[in-house]
Protein chains: 2
Amino acid sequence: MSEAESKAESELPTIYVGKKPLMNYVIAAMTQFMSQGADKIRVVARGRAISRAVDVAEVLRTRYLPGIVDVESVKIGTDQIQNPQNPERIDRVSTIEIVIIKKRELIPAPKSEE
Amino acid sequence: MSEAESKAESELPTIYVGKKPLMNYVIAAMTQFMSQGADKIRVVARGRAISRAVDVAEVLRTRYLPGIVDVESVKIGTDQIQNPQNPERIDRVSTIEIVIIKKRELIPAPKSEE
């Protein structure tokens, strides 16, 4: 939660969650862990997409990579954005940052039928 | 994040965020801090209401009680719910729990006798 930690985390591979279907982001995250060699990623979102960012993390943790990844930290905050219609007005929007960490290596799935 | 901590936190005054307007929950939370004497509350939500729970915490922290409350912890998880249409099916829904702590007293609250 320190400033230094935040700076380090902003360098992590980051999935920006928006309005696309959930699986787009889940696949993007799995690609980071499985073929990009990431040990840690950030999943971030703003406004209504916050719920979907939590879904991305939870689907990874419980369904696609159970026992392999875990949620390391969750932070919430507020961004201030200049209103595009009225530049004198500042809109606030809530944000979330979820850091997901790889706990152990993935094992290449054997293609044997069991 | 320990089991003991989770148990203690489930005893805190809890605001369940759903589909009502944001301000309903903000007022409920402020009431806890200002007239119920709470030092810590939980704001919890499921599914799409997760974004609104983050808004509740952020509006309290940045707008209504700045410098007075802070976010102590944010946890995400998954609840399993029996599908009401098909009891053999288990639906999963993401959850959030935000613990908000009072850092210092508001206006010296007159002590109401209990």
* Starting from a label point 7 Å past Cα on the Cβ side, list the distances from B:ARG89 to the same position in the other copies, nm, shortest first. => 4.2
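What FRET efficiency do you get for A:ASP70 and B:ARG48 if R0 is 22 Å and r is their Cβ-Cβ distance, rounded to the nearest 0.05? Provide the component values of the computation, followed by the final result.
Details: r = 24 Å, r/R0 = 1.10.
Efficiency, from the Cβ-Cβ distance: 0.35.
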* Looking at segment A:45-87, which trypsin sites (Lys or Arg not before Pro) are in a loop (DSSP not H, G, I, E or B) and have at most 16 other Cβ atoms within 10 Å? -> A:ARG48
* Choose one of B:LEU12, B:MET34, B:VAL74: the residue whose Cα lies farthest towards the positive end of the charge dipole of segment B:3-102 (beta-carbon charges +1 Lys, Arg; -1 Asp, Glu; about the Cα centre). => B:MET34
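Work out, in µm²/s and without decimals, the Stokes-Einstein translational diffusion coefficient of chain A at 37 °C, 0.692 mPa s, Rh from Kirkwood over C-alpha pairs.
Working: Rh = 15.4 Å.
This corresponds to a translational diffusion coefficient of 214 µm²/s.
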* Structure fact -> With +1 on the Cβ of every Lys and Arg and -1 on the Cβ of every Asp and Glu, the dipole magnitude of segment B:3-102 about its Cα centre, in debye rounded to the nearest 20, is 420 debye
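Where nothing but the Cβ of Lys and Arg (+1) and of Asp and Glu (-1) is charged, how large is the charge dipole of the protein assembly as shown around its Cα centre, in debye to the nearest 20? Each step should come with its number before you reach the end.
Numbers: 34 positive and 32 negative charges, 149 e Å.
Dipole size: approximately 720 debye.
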* Asked: How far, in degrees from 0 to 90, does helix A:49-59 lean away from the longest principal axis of the Cα atoms of chain A, to the nearest 10?
  -> 10 degrees
* To do: Please give the length that would be gained between A:ILE101 and A:ARG89 if that part of the chain were fully extended, namely 0.36 nm times their separation in residues minus their C-alpha to C-alpha distance (nm, one decimal).
  => 0.5 nm
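Share of antiparallel DSSP beta bridges in segment A:3-102, in percent to the nearest 5?
Taking every DSSP beta bridge within segment A:3-102, about 85 percent pair in antiparallel fashion.
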* Enumerate the calculated ³J(HN,Hα) couplings along segment B:30-38 in order (Karplus 6.51 cos²θ - 1.76 cosθ + 1.60, θ = phi - 60°), each rounded to whole Hz, writing x wherever the residue is Gly or Pro. => 4, 4, 4, 6, 8, 10, 9, x, 6
* Structure fact -> Copies of B:GLY67 compared via label points 7 Å along Cα→Cβ give distances in nm, shortest first, of 5.2
* Measure of size requested: the Rg and Dmax of the protein assembly as shown, with Cα atoms as the atom set and Å as the unit; please supply both. => 19.5, 72
* Asked: Once phi is turned into θ = phi - 60°, what whole-Hz ³J(HN,Hα) does the Karplus curve with 6.51, -1.76 and 1.60 give for every residue of segment A:62-71, x standing for Gly and Pro?
  -> 9, 10, 8, 10, x, x, 9, 10, 8, 7
* Asked: At what distance in nm do the modelled label points of B:MET34 and B:GLN80 sit from each other, each positioned 7 Å from its Cα along Cα→Cβ?
  -> 4.3 nm
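Taking the Cβ of B:ILE98 as the centre, find all other residues whose Cβ is under 12 Å away and add up their charges (Lys, Arg: +1; Asp, Glu: -1).
So the surrounding residues net to 0.
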* Where the label is 7 Å out from Cα toward Cβ, how close does A:GLY18 come to the same position in every other copy, in nm, shortest first? -> 3.3
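Read-outs: derived from the displayed coordinates by stated rules, not from any lab. Source: prediction; values computed, not measured. FYI the Cβ positions are ideal-geometry reconstructions off the backbone, even for glycines, and counts take in every protein chain you see.
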